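Read the structure below first, then the notes.
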Amino acid sequence: EMRKSIVFLFLIAERKQQEPLLNLLSNVDAKVVDILYGKGSAKVNSSLIEAFGFVPEENKVIITCLLLRDKADVVLEMLIRKFDFDKPNTGIAFTVAVEGLSF
């Protein structure tokens, strides 16, 4: 069934990464791409922030889209290789199977 091969991608990154991320999604034929802007909630003077070595970046972009599952695997791999999403303070990305969504 086609629906089982589609996933919803949710991605949060620094706003300066918006254009390169959108180019990546365009190259894998992402559908229903939505862009939201947000601000991180971490405070610079927080002891918890300092303890974990986080560097707060307030301006965030939140990008969501629909992708074929195999394309989403490519995107997640590129987020690690090209955008360093496996390193702290870079971004968060995950997928949800469409059949897992309810309204």
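The values are calculated or read from the model by the stated rules, or taken from the named source; none is laboratory data. Note that the coordinates shown come from a computational prediction; the quantities given were computed from them, not determined experimentally. Here the Cβ is made from the backbone with ideal geometry for all residues, glycine too, and neighbour counts use every protein chain on show.
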Worksheet item: Within the stretch 96-103, is even one residue polar (S, T, N, Q) and modelled with pLDDT of 90 or more?
Response: no
Fill in: Of all residues in the stretch 17-49 being in a strand (DSSP E or B) and surrounded by 12 or more Cβ atoms within 10 Å (Cβ to Cβ), the one that is modelled with the lowest pLDDT
Gly38
Discussion item. For the stretch 10-25, give me each residue that is within 10 Å of the chain's Cα centre (by Cα) and either of a type in the set (Val, Ile, Thr) or within 18 Å of Lys71 (Cα to Cα) (or both).
Written reply: Phe10, Leu11, Ile12, Leu21
